[in-house]
1. If you keep only loop residues by DSSP, which GluC sites (Glu not before Pro) in segment 83-143 have at most 14 other Cβ atoms within 10 Å of their Cβ?
2. Top to bottom by accessible area (1.4 Å), largest first, where do PHE34, PHE137, PHE124 land?
3. What does the C-alpha gyration tensor say about the overall shape of segment 80-139? Classify as rounded when a/c is under 1.5, otherwise prolate if a/b is larger than b/c, or oblate.
4. Please give the charge dipole size of the chain, origin at the Cα centre, charges +1 on K and R Cβ atoms and -1 on D and E Cβ atoms. Round to the nearest 20 debye.
5. Would you work out what percent of the accessible area of the chain, with all protein chains in place, is carbon or sulfur (probe 1.4 Å)?
6. Distance in nm between label sites at ARG118 and ASP50, each 7 Å beyond Cα in the beta-carbon direction?
7. With r defined as the distance between the Cβ atoms of ARG132 and ARG96 and R0 fixed at 22 Å, what FRET efficiency is calculated, to the nearest 0.05?
8. Using alpha-carbon positions, what is the distance between the centroids of segment 1-49 and segment 50-126, in Å?
Amino acid sequence: MIFRTATREDLPAVLALLADGGPSPVTAAHERAFDAIEADARNELLVLADGADVLGCLQLTYVPGLGQGGRERALVEAVRVRADRRGAGLGAELMRRATERARERGCGLMQLTSNKRRTDAHRFYERLGWARTHEGFKLRLAD
């Protein structure tokens, strides 16, 4: 398995992961978002791949702040493993490598949110040592 920064060629596979395997065509908005992530040193779109086959993905965003002794925090988003490969430890490997990246960067903590309906994901994160320490809120600004 290779853990690496996503390339533009990975975009269709990443979008399919985010859509849980369903069709998700690459749009101009996706292309712009990919370009913005790629150009921003505080963002990384990362994939776990077997050759050209993308098996998992996540996005890390490094957030500066005054807490944690002025250290950045790593915000983890869009964690997905291909449905037919779940249960084989790939998600744990993906998160382990993301944690290594955040530590190497000097982050003081990692955080993520997970939809309340994703109970399997919650058990997964707890098995990896993540704790439910805060209640999250979101305000939708667009459809």
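1. Passing sites in segment 83-143 are GLU135.
2. PHE137, PHE124, PHE34
3. oblate
4. The calculation lands at about 620 debye.
5. Roughly 52 percent of what the probe reaches on the chain is carbon or sulfur.
6. 2.2
7. 0.65
8. Using only Cα atoms to place each centre, the spacing works out to 15 Å.
The values are calculated or read from the model by the stated rules, or taken from the named source; none is laboratory data. Not measured: the values here are computed from a predicted model. Using ideal geometry, Cβ is built from the backbone for each residue, glycine included, and neighbour counts are taken over all protein chains shown. Ligands, DNA and RNA are stripped out before the accessible areas are found, and what is left, the full protein with its side chains, is counted by its heavy atoms. Shrake-Rupley method; radii C 1.70, N 1.55, O 1.52, S 1.80 Å.
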